[in-house]
1. For chain A, find the longest principal axis of its Cα atoms and tell me its angle to the long axis of helix A:261-275, 0 to 90°, nearest 10.
2. For chain A, the longest stretch holding no GluC sites (Glu not before Pro) located in a DSSP loop with at most 16 other Cβ atoms within 10 Å is which?
3. List the relative contact order of region B:8-73 as a percent without decimals, with contacts defined as Cα pairs under 8 Å and 6+ residues apart.
4. Let me confirm the definition first: pairs of Lys residues in region A:2-510, 8 or more apart or on different chains, C-alpha distance under 25 Å. How many are there?
5. How high is the FRET efficiency between residue B:22 and residue A:493 when r is their beta carbon distance and R₀ equals 35 Å, given to the nearest 0.05?
6. Among residues other than residue A:322 whose Cβ falls under 15 Å from its Cβ, what is the net charge (Lys/Arg +1, Asp/Glu -1)?
7. Can you tell me the FRET efficiency between residue A:19 and residue A:382 if r is taken as the Cβ-Cβ distance and R0 is 25 Å, rounded to the nearest 0.05?
8. What is the Cα convex hull volume of the protein assembly as shown when expressed per residue in Å³?
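Derivation of every value follows stated rules applied to the coordinates shown; laboratory data play no part. The structure displayed is predicted, hence computed values, not measured ones. When we count neighbours, we look across all protein chains shown, and the Cβ atoms used for this are built from the backbone with ideal geometry, even at glycine.
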Amino acid sequence: MVVEAVVESQLLLQLDTITEGLQIALSWPVIGWMAVGLLLGIVLGALPGIGSPVGMAIVLPLTLPLDATSAVILLVAIYSGAMFGGSIAAILINAPGTESAAATTLDGYPMAKQGLAKNALAIATTASALNGFLAAIVLILISPILIGVVLAFGSPEYFLLAILGISLITIVTQGSLVKGLVAGALGLMISTIGTGILSPTPRFTFGQFGLYNGISFVAALIGMFAFAEMMKLAARSQIAESDIELGGSIKDGILTVFKYPKTVLKAGLIGMGIGMIPGSGATTSTFVAYAEEARSSAADGRFGEGDPRGVIAPEGANNPTVSGSLVPTLSFGIPGSGSTAVLLGGLLMHGLQPGPTLFGDQLQITYAIFISLFLSNILIVLVGLSVIPYASRLTEIDTNIIIPVVVVLSFIGAYTLNRNWFDVAAVLALGVLGFYMVRYNYSVIAFVLGIVLGPIAEENFFRSLQISGGSYDIFFDPINRPLSFMLVLGIVFILVGPFLKPYVERTLDRT
Amino acid sequence: MSIKNKYEQATPEHVMLVVLLVLSVVFLIEPIVSNYPDDARVFPQMTAAVVFVGSLLLLVRNYLPGALGTVVNESINITTSDSSAQEQVAQREAEQTGSAPKRTLGREYGYEVNDTVFMVVSSTIYFFAGWAAGFLFVTPLFVLAYTTWFRIRTAVGVGLAVLSTVIVYLFIEFLLLPLDQGQILDFSPFLEPIGLVVGVI
């Protein structure tokens with residue numbers, strides 16, 4: 001009886017919070033910023049070379065005058081919109097606006113060449129929005145479970161989780177484990193510049209007052225994602241002009257999606273599942289969804305020659321990846337991709353602490369974010385389908401027009417943060433570093449995660465030591481801190497696993 | 001192999017690793033030299049130690065023995081997707097991308113300047129000029145120079161320069177940022193009449 005009453009009161013409390021979240025998401029100006037973000041995301045996603053991380057990074061400092069909820073919802077809407085926008089360039093000019101749309105080119109572009117560009121764009125819009133919509137519902141439904149997990153974490157666990165996140169990213173992203181670890185540790189190291197967290201000691205400032213506040217992680221995000229991406233774009237040769245005409249039918253495209261419900265649902269599950277893994281974004285999920293569809297429908301498929309399922313699968317996976325990646329970002333502060341790393345920066349910049357706070361006192365904001373994701377997927381259908389007739393114009397914009405504008409916005413945006421010239425210099429320096437990190441397969445996300453989570457990791461590290469009276473045993477206590485102990489085991493497994501792999505394989509071969 | 005040969009074989013990655021190595025040494029030594037208290041010293045030194053060891057291993061990875069060499073060099077990816085699909089995309093992108101280099105002012109006059117180098121150098125000049133004279137008046141010059149170099153139509157270049165200047169001006173007006181003042185030159189008196197007009201509107 002008592003248990004039932006407690007469960008009932010908890011459910012009512014959850015329902016109240018969801019209602020509060022709905023009210024926030026539908027209130028003005030929040031809903032206005034959501035629409036602006038969505039449009040901006042579609043446009044930025046459609047411009048070749050500009051994706052959601054670049055768009056979100058340059059918009060991030062501009063959100064300073066906004067309230068926290070509006071700012072975060074604006075960023076989430078850009079993220080969601082760019083996922084769809086990226087498919088426009090992928091289908092019409094075979095040059096994906098975002099990396100996550102690369103798999104769409106495989107069948108989207110051949111469809112466009114066959115005079116079915118409108119069909120392909122409508123399939124992309126519908127599959128992306130439909131699954132995004134479903135994934136947002138799943139996200140809202142699983143939130144109560146997440147709350148329980150998040151609230152079980154304390155200081156030692158948060159420190160270890162930051163280290164586990166960086167370690168995990170190093171094995172999820174391309175490149176060697178050592179490169180990933182160097183990138184993550186470098187981020188953590190740079191985050192220590194400025195006044196100490198526990199004692200007011202200026203560290204590595206060398207007498208420069210501009211460095212007393214440290215290097216802003218937002219400036220680092222702008223440098224790593226916007227400036228470095230512009231360097232990459234400058235190096236790229238001009239995209240050959242497309243001779244695609246916007247033929248086909250939007251209605252037929254929409255109906256095609258409903259002909260393949262299994263493909264749609266499978267893509268959604270893949271997208272959401274992979275999105276939840278730190279470090280693996282929509283680029284991975286879309287290729288996995290495409291490969292799975294090509295494998296399971298190989299008998300009657302014409303993959304690579306304009307099979308509509310080849311558009312449904314990657315597009316159906318991209319938006320659920322957004323929902324999936326919000327789980328580790330909001331609950332533990334571990335971003336799943338470049339875009340969620342920028343989102344994490346946005347949360348921290350506006351004083352929203354991922355973890356217990358967002359799933360405790362500020363739970364209504366978390367629900368507002370989830371609900372806005374749900375609403376933005378409805379808007380994607382309306383906006384996405386109406387921009388199809390004009391879509392090709394976006395893809396015709398010369399990248400050399402985009403670059404100086406992004407550079408100007410990056411510098412001004414960085415200066416806006418603290419009126420500090422060191423932040424602008426950081427954009428330039430970290431941009432160049434980011435360019436070479438990408439070129440030589442060093443995980444930029446691990447670096448960014450390090451710089452964003454550095455202060456949190458350091459604070460929790462020392463708080464843990466204060467709790468234990470300076471003893472490191474607090475991290476290795478399986479009886480009193482089993483969660484902490486499991487996280488240590490996880491880190492050890494990730495770091496030592498690759499060393500043991502050859503021996504394990506040899507032993508297995510022998511047996 | 002002579003030192004000269006090794007120097008010639010150095011890639012930007014080697015330069016980056018040497019920079020990281022030097023940086024990590026600074027983060028290891030500076031807390032000792034400046035006598036930081038324990039709670040300000042341990043964490044940066046811990047992370048710097050990882051950067052130092054990792055960069056060193058990567059720098060000498062071709063000379064590492066057996067298992068250590070394999071671990072440092074081997075690429076690990078637990079979410080590897082269908083690589084054939086990814087290769088197909090890369091191949092198509094290469095086909096779609098024009099092979100001819102971009103038209104630039106330099107190439108027209110017979111000077112070969114790498115496009116990325118031009119972008120970074122012009123942005124660096126823009127940063128220093130902005131620092132010295134404020135971003136407001138430097139921004140249109142940067143945008144015009146960039147678009148002219150890449151032979152963008154003059155009307156488009158001028159339009160972009162005006163748009164960028166308006167964006168900077170909006171930052172000054174609404175976020176009250178001193179972007180019309182540099183560390184050396186101050187152009188704010190020139191803006192006072194415009195500010196009055198905007199105020200009246």
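1. Here the helix axis deviates by roughly 30 degrees.
2. On the way: sites that count: A:241, A:245, A:305, A:396.
It runs A:1-240.
3. The value is 36 percent.
4. Lysine pair count for region A:2-510: 11.
5. Efficiency, rounded to the nearest 0.05: 0.60.
6. Neighbour charge sum, excluding residue A:322 itself: -2.
7. Details: r = 25 Å, r/R0 = 0.99.
With R0 = 25 Å, the Cβ-Cβ based efficiency is 0.50.
8. 206
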